[in-house]
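What follows is a set of notes on a single structure, which appears directly below.
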Amino acid sequence: MRLPPIKWPNNAKIAVSFFVAFEAFEKSSQYRRSEHGKADYASLAYGEYGGKAGIWRIMDVLRRNGIKGTIDTNGRVAEDFPDELKELQAGGHEIVGHGWANDQALSDVENAGTERALIKRTLDAIAKVTGKRPVGWVSPGHRINDYTFGNFVDEGIFWTGDLPGPDIPQHRMVNGKPLIIMPRLDYANDLSGIFTPKNPPRVYFDSFKAAFDCLYAEGQAGAPKLIDCLVHAHIGGRPHLIGVWEECIRYAKGFPDVWFATKGEIAKYYLDTYVSKA
């Protein structure tokens, strides 16, 4: 069955979200896996680039283009890089829970109680720095358990980006509360498109443009969609990639009837328009 079309504010043809993975690691980053359970200090140093340099370039790009980003944030970032997190909050960006450390998947947690404590620890650590508890969550690697969504709603999370899906939000009822499922879109992802397969930076923009053009045309035809554009602060915040990310922003800004919004703003609009009034 074809999904019914969604309608965006001001009859926008497409909703566009630019978001950032701001990550911290316990033993190793994506640069190289640790061996025998020991910390890999070169890999950790690669990950720390995000807080020391990459996130500042990213904030400059967002500020220069008048865009508010969605920042997937590990709880440990609040301990390791509190000044950077405060700067993001002051800039009006949406801070989202992203696990305690990025090399610690929720799917590795042995029971619901332990998982909920980890989620709570993450949200509380972020709130201690920013003064605001996140209401969105994207798990490291999108690896979750049968009980994860229940823990989300019990901890005040109302949207998650943990499930692949169509190019529009959906929802499900969990413990009597609606949980908005924001689609996981990897059309432009510096990790899966550039870092892991070692593609040249240009592939990132070309992938975004191809997806944007298709989805924008569908919006013109009466079925608006959502597209996002992801960089990791320690990967896409580097000099050879930051420019193509900014090029994606400028390309989208060259079109009329585009709704630039954070993931949380889109989720709240969907909740108010398509769930609360149902």
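The values are calculated or read from the model by the stated rules, or taken from the named source; none is laboratory data. Remember, it's a predicted structure, so these values are computed and weren't measured experimentally. Please note: Cβ atoms are built from the backbone with ideal geometry, for glycine as well, and neighbour counts cover all protein chains shown.
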Check your understanding: Assuming R184 fulfils every condition listed in (1) within 15 Å of A15 (Cα to Cα); (2) modelled with pLDDT of 95 or more apart from one, which condition is it?
Key -> (2)
Check your understanding: If you take the residues in region 142-173 that are aliphatic (A, V, I, L, M) and surrounded by 16 or more Cβ atoms within 10 Å (Cβ to Cβ), which one is farthest from L118 (Cα to Cα)?
Key -> I168
Practice item. Considering (1) polar (S, T, N, Q); (2) closer than 24 Å to A261 by Cα; (3) at pLDDT below 95; (4) more than 16 Å from the chain's Cα centre (by Cα), say which one T196 fails and leave the rest. Key: (2)
Exercise for review: Among residues belonging to region 230-252 that are touching a strand residue (DSSP E or B) at 6+ places or on another chain (Cβ under 8 Å) and part of a helix (DSSP H, G or I), point out the one that is farthest from R63 (Cα to Cα).
Suggested key: L241
Point to revise | region 102-139 - residue that is surrounded by fewer than 21 Cβ atoms within 10 Å (Cβ to Cβ), under 21 Å from P164 (Cα atoms) and not polar (S, T, N, Q) and, of those, modelled with the highest pLDDT | key: V135
Review point. Can you tell me how many residues in region 15-30 are farther than 24 Å from V61 by Cα and among the aromatic types (F, W, Y)?
Key: 1
Review point. Name the residues in region 189-246 that are of a type in the set (D, E) and under 18 Å from G69 (Cα atoms), would you?
Key: D190, D228, E246
Review point. Could we say that P201 is farther than 24 Å from G50 by Cβ, more than 19 Å from the chain's Cα centre (by Cα) and surrounded by 15 or more Cβ atoms within 10 Å (Cβ to Cβ) here?
Key: no
Point to revise | Filtered residue count, region 253-263, keeping only those that are in contact with a helix residue (DSSP H, G or I) (Cβ under 8 Å, 6 or more places away or on another chain) and either part of a helix (DSSP H, G or I) or surrounded by fewer than 21 Cβ atoms within 10 Å (Cβ to Cβ) (or both) | key: 6
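Results for (1) basic (K, R); (2) without any contact (Cβ under 8 Å) to a residue 60 or more places away in the chain, shown as yes or no for each residue.
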{"site": "L3", "(1), (2)": "no, no"}
{"site": "A24", "(1), (2)": "no, no"}
{"site": "Y31", "(1), (2)": "no, yes"}
{"site": "K86", "(1), (2)": "yes, yes"}
{"site": "A90", "(1), (2)": "no, yes"}
**Study point:** Residue identified as within 17 Å of the chain's Cα centre (by Cα), over 30 Å from P256 (Cα atoms) and assigned to a loop (DSSP other than H, G, I, E, B) among G37, G99, G51, G92
**Key:** G99
Revision key, fill the gap. Of the candidates N10, N74, the one satisfying the condition of being out of contact with any strand residue (DSSP E or B) (no Cβ under 6 Å at 6 or more places or on another chain), in contact (Cβ under 8 Å) with a residue 60 or more places away in the chain and more than 23 Å from W259 (Cβ to Cβ) is N74
Check your understanding: How many of the residues in region 174-186 are within 16 Å of I144 (Cβ to Cβ) and surrounded by fewer than 16 Cβ atoms within 10 Å (Cβ to Cβ)?
Key -> 1
Practice item. Test Y274 against the criterion of being touching a Lys or Arg at 6+ places or on another chain (Cβ under 8 Å), in contact (Cβ under 8 Å) with a residue 24 or more places away in the chain and in a helix (DSSP H, G or I), and give yes or no. Key: no
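Just the residues that are in contact with a strand residue (DSSP E or B) (Cβ under 8 Å, 6 or more places away or on another chain) and outside any loop (DSSP other than H, G, I, E, B), please, taken from region 102-122.
Listed by number, the residues that qualify are I119, T122.
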Review point. Is there a residue being outside any helix (DSSP H, G or I), over 18 Å from A12 (Cα atoms), touching a strand residue (DSSP E or B) at 6+ places or on another chain (Cβ under 6 Å) and hydrophobic (A, V, I, L, M, F, W, C) anywhere in region 167-175?
Key: no
